[in-house]
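K.L.:
Please see the structure below; I have some questions.
The values are calculated or read from the model by the stated rules, or taken from the named source; none is laboratory data. Remember, it's a predicted structure, so these values are computed and weren't measured experimentally. In this analysis, Cβ positions are derived from the backbone assuming ideal geometry, glycine residues included, and neighbour counts consider all displayed protein chains. Only protein heavy atoms, including side chains, enter the accessible area calculation; ligands, DNA and RNA are left aside. Shrake-Rupley method; radii C 1.70, N 1.55, O 1.52, S 1.80 Å.
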Amino acid sequence: MSVAKKDYKIVTTKSLYEMKVNGEKISMLTAYDYTMAKIVDSSGVDVILVGDSASNVMAGHETTLPITLDQMIYHASSVVRAVERALVVVDLPFGTYQSDSKTALRSAIKVMKESGAHALKLEGGKEIKEGIKKILGAGIPVMGHLGLTPQSIYKFGTYNVRAKEEEEANQLIEDAKMLEKIGCFAIVLEKIPATLAEKVAQTVKIPIIGIGAGGGVDGQVLVVHDMIGMNNEFNPRFLRRYMNLFEDMSNAIGQYVSDVKSKDFPNANEQY
Ligand code: KIV
């Protein structure tokens with residue numbers, strides 16, 4: 001099928017599908033607060049993910065597990081207030097959808113009602129199929145997430161590349177097909193071999209967005225604090241750093257400290 005190329009004024013789940021059909025790559029970045037979301041949105045990013053990586057990036061936790069539904073809603077509503085163009089997708093956090101489909105639906109509705117977000121992302125395949133179906137049944141768009149799913153870090157034991165072995169790779173392909181069949185609008189594939197990710201992107205019609213999954217997929221996602229170098233402790237191979245903001249900000253703040261100490265700041269023009 002061919003679809004006319006568009007300059008999307010507002011990005012929807014349908015726009016993403018059209019981008020895949022047209023071979024236009026989808027750009028996705030995280031944001032967790034109003035100011036960052038304003039910058040990311042006005043820079044032309046198609047999808048803003050209010051990721052549960054906020055647990056690490058904003059709160060300093062070691063994993064994504066501690067962040068709560070109310071904390072995700074706080075971050076998501078701050079982002080939604082800033083965004084004019086991008087599709088805003090919010091992660092359902094650990095423990096709010098895995099137990100049963102009714103709980104999953106209750107969590108999903110709470111996030112949609114209280115944050116104003118456009119869609120949700122859930123980690124996992126066949127084990128959460130019923131929960132996803134229930135959420136989709138309520139008219140809420142769902143993005144899947146397969147491969148390295150950080151909410152399962154204690155099952156995996158490491159953040160190493162997933163699905164290198166045939167059995168796990170085959171299961172991942174089956175899960176991706178299932179997510180497409182039940183109606184998910186896109187899937188994130190995290191840290192899997194590039195050849196496998198490309199195969200998934202060619203097998204399903206819905207967009208596949210990769211992080212550490214190579215260039216053969218339909219779009220890319222990164223954590224914004226990593227790609228602008230605010231976080232200088234995380235150096236995976238898949239990360240391209242566009243700035244070194246940790247160093248630039250440290251220098252600027254160090255200069256401010258020195259100006260205050262030396263009584264250079266404020267000067268005569270910087271007071272009333
Ligand atoms: O929480 C997050 O930031 C994510 C991305 C890494 C895909 O899920």
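K.L.:
What whole-number distance in Å separates the alpha-carbon centres of the range 115-143 and the range 176-196?
P.N.:
When both Cα centres are located, 14 Å separates them.
K.L.:
Sorted by mean Cβ packing within 10 Å, highest first, what order do the peptides 81-93, 150-162 take? Before the final figure, lay out the partial values.
P.N.:
Details: 81-93: 22.3, 150-162: 14.2.
Listed from highest to lowest mean packing, they are 81-93, 150-162.
K.L.:
Counting only protein heavy atoms and using a 1.4 Å probe, what share of the accessible area of the chain belongs to carbon plus sulfur, as a whole percent?
P.N.:
52
K.L.:
Related question: Using the alpha-carbon atoms, what tilt in degrees (0 to 90, nearest 10) does helix 13-22 show relative to the longest principal axis of the chain?
P.N.:
80
K.L.:
Next question. Give the percent of DSSP beta bridges with both residues in the chain that are antiparallel, rounded to the nearest 5. Please list the in-between numbers first.
P.N.:
Values: 0 of 29 bridges.
Counting DSSP beta bridges with both partners in the chain, the antiparallel share is about 0 percent.
K.L.:
Under a point spin-label approximation (7 Å from Cα along Cα-to-Cβ), what is the PHE246-LYS102 distance to one decimal in nm?
P.N.:
Roughly 4.7 nm, to one decimal.
K.L.:
Positive end of the charge dipole of the chain (Lys, Arg +1 and Asp, Glu -1 on Cβ, about the Cα centre): tell me which of SER55, PHE246, ILE192 has its Cα farthest that way.
P.N.:
ILE192
K.L.:
Once the Cβ-Cβ distance between THR63 and LYS129 is put in as r, and R0 is 22 Å, what FRET efficiency do you end up with, to the nearest 0.05? Show your work: numbers first, answer last.
P.N.:
Details: r = 24 Å, r/R0 = 1.11.
That pair, THR63 with LYS129, gives E of 0.35.
K.L.:
What value, in deg cm²/dmol to 500, does the helix sum -39500 (n - 2.57) over DSSP H runs of n ≥ 4 give at 222 nm once divided by the residues of the chain?
P.N.:
Working: 11 runs with 113 residues, N = 272.
My calculation for the chain gives -12500 deg cm²/dmol from helical runs alone.
K.L.:
Can you tell me the mean projection area, over all orientations, of the convex hull of the range 49-109's alpha carbons? Units nm², please. Intermediate values should be presented prior to the final figure.
P.N.:
Details: hull surface 17.2 nm².
Spelled out: convex hull of the Cα atoms, projected over all directions, averaged, 4.3 nm².
K.L.:
If the limit is 31 Å between Cα atoms, which of LYS110/LYS164; LYS155/LYS177; LYS38/LYS164; LYS6/LYS129; LYS14/LYS155 go over it? Can you show the working numbers first?
P.N.:
Numbers: LYS110/LYS164 37 Å; LYS155/LYS177 23 Å; LYS38/LYS164 38 Å; LYS6/LYS129 33 Å; LYS14/LYS155 35 Å.
Too far apart for the 31 Å limit: LYS110/LYS164; LYS38/LYS164; LYS6/LYS129; LYS14/LYS155.
K.L.:
Angle, helix 166-182 long axis vs. longest principal axis of the chain, Cα atoms, 0 to 90°, nearest 10?
P.N.:
The answer is roughly 90 degrees.
K.L.:
Here is a follow-up. Using modelled backbone amide H atoms (1.01 Å from N, in-plane), which distant-in-sequence or interchain residues come within less than 5 Å of LYS121's amide H?
P.N.:
VAL90, ASP91, LEU92, MET143
K.L.:
Turning to a different aspect of this structure: Over the range 160-272, average the accessible area per residue using a 1.4 Å probe and give it in Å², no decimals.
P.N.:
62
K.L.:
If you don't mind, another one. ³J(HN,Hα) across the range 263-272 via Karplus (A = 6.51, B = -1.76, C = 1.60, θ = phi - 60°), whole Hz, x for Gly/Pro?
P.N.:
Along the range 263-272, the couplings run 6, 6, 10, x, 9, 4, 7, 10, 9, 10 Hz.
K.L.:
Determine the sum of side-chain charges near MET178: Lys and Arg each +1, Asp and Glu each -1, restricted to other residues whose C-beta is under 9 angstrom from that of MET178.
P.N.:
Numbers: positive: LYS126, LYS129, LYS177, LYS181; negative: GLU174, ASP175, GLU180.
So the surrounding residues net to +1.
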